[in-house]
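Read-outs: derived from the displayed coordinates by stated rules, not from any lab. Owing to the predicted nature of the structure, the values given are computational and were not obtained by experimental measurement. Neighbour counts are summed over all protein chains in view; Cβ atoms, including those assigned to glycine, are modelled from backbone coordinates with ideal geometry.
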Amino acid sequence: MQKIEHVGIAVRSLDEAIPRYEKLLGTPCYKTEIVESEKVRTAFFQTGPNKIELLESTDPGGVIARFIEKKGEGLHHIAFDSADIEADMQRLAAEGYRLLNEKPKAGADNKWVCFLHPAGANGVLVELCQSR
Ligand code: ZN
């Protein structure tokens, strides 16, 4: 793993959260994108080398809606940049980490992604990602 690629934050409303993060970071949101397979609408911010992803549910039964119901808005996942996501997935599965998808799937912002169960990282949902 090379670096933290982005931090994902679950929000109830992107329309409210985007201007708040634009003011906080002093930079405009550079992209919003719907990821149908995950039932989310995402918004991305770049601050220097770092990225923030805001996630809003597009479906009351979606993972982000359920997360907010249980825990409220806030930090949802940390994504690490992988140079070879399939190799990292194999390595982590062999180490006993539970992968939440068996194959890399198409994620937001032009990435291949794989999520790891939070139990393997002391309660933190981890996302591996590699540019598509
Ligand atoms: Zn993410």
Amide H to amide H, which residues 5 or more places from Lys51 or on other chains are under 5 Å from it, using H placed in the peptide plane? Val7
For the stretch 124-130, 3J(HN,Hα) per residue [Karplus equation, 6.51 cos²θ - 1.76 cosθ + 1.60, θ = phi - 60°, Hz, x = Gly/Pro]: 9, 6, 10, 10, 9, 9, 9
Exposed-site-free run, longest, the chain (rule: GluC sites (Glu not before Pro); DSSP loop; at most 11 other C-beta within 10 Å): 1-94
Compute the acute angle (0 to 90°) between the alpha-carbon long axis of helix 85-94 and the principal axis of greatest extent of the alpha-carbon atoms of the chain; round to the nearest 10°. 60
Using only Cα atoms, tell me the angle between helix 14-25 and the longest principal axis of the chain; keep it within 0 to 90° and round to the nearest 10. 90
Near the amide H of Leu100, under 5 Å away, which other amide H atoms are found, from residues 5 or more places off or on another chain, if H is placed in the peptide plane? Phe115, Leu116, His117
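Just to check, using Stokes-Einstein with a Kirkwood Rh over alpha carbon pairs, what's the diffusion coefficient of the chain at 37 °C and 0.692 mPa s in µm²/s? The partial results should precede the final answer.
Details: Rh = 15.1 Å.
Rounded, D is 218 µm²/s.
Given a Förster radius of 25 Å and the C-beta distance between Ser131 and Arg98 as r, what FRET efficiency does 1/(1 + (r/R0)^6) yield to the nearest 0.05?
On the way: r = 25 Å, r/R0 = 0.98.
Computed FRET efficiency for Ser131 and Arg98 comes out at 0.55.
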Residue span Phe44 to Thr32: 0.36 nm per residue of separation minus Cα-Cα distance leaves a gain in nm of 3.7 nm
In order through the stretch 27-44: 3J(HN,Hα) via Karplus (6.51 cos²θ - 1.76 cosθ + 1.60), integer Hz, x for Gly, Pro: 8, x, 4, 9, 6, 10, 7, 8, 10, 4, 5, 9, 6, 9, 10, 10, 9, 10
For the pair Glu16/Leu75, report the inter-label distance in nm, with labels modelled 7 Å from Cα in the Cβ direction. 2.2
Checking Val11, Val63, Val113 against a Gaussian network model of the chain (alpha-carbon springs below 10 Å), the top fluctuating residue turns out to be Val63
Roughly how far apart, in whole Å, are the Cα centres of the stretch 53-106 and the stretch 1-29? 17
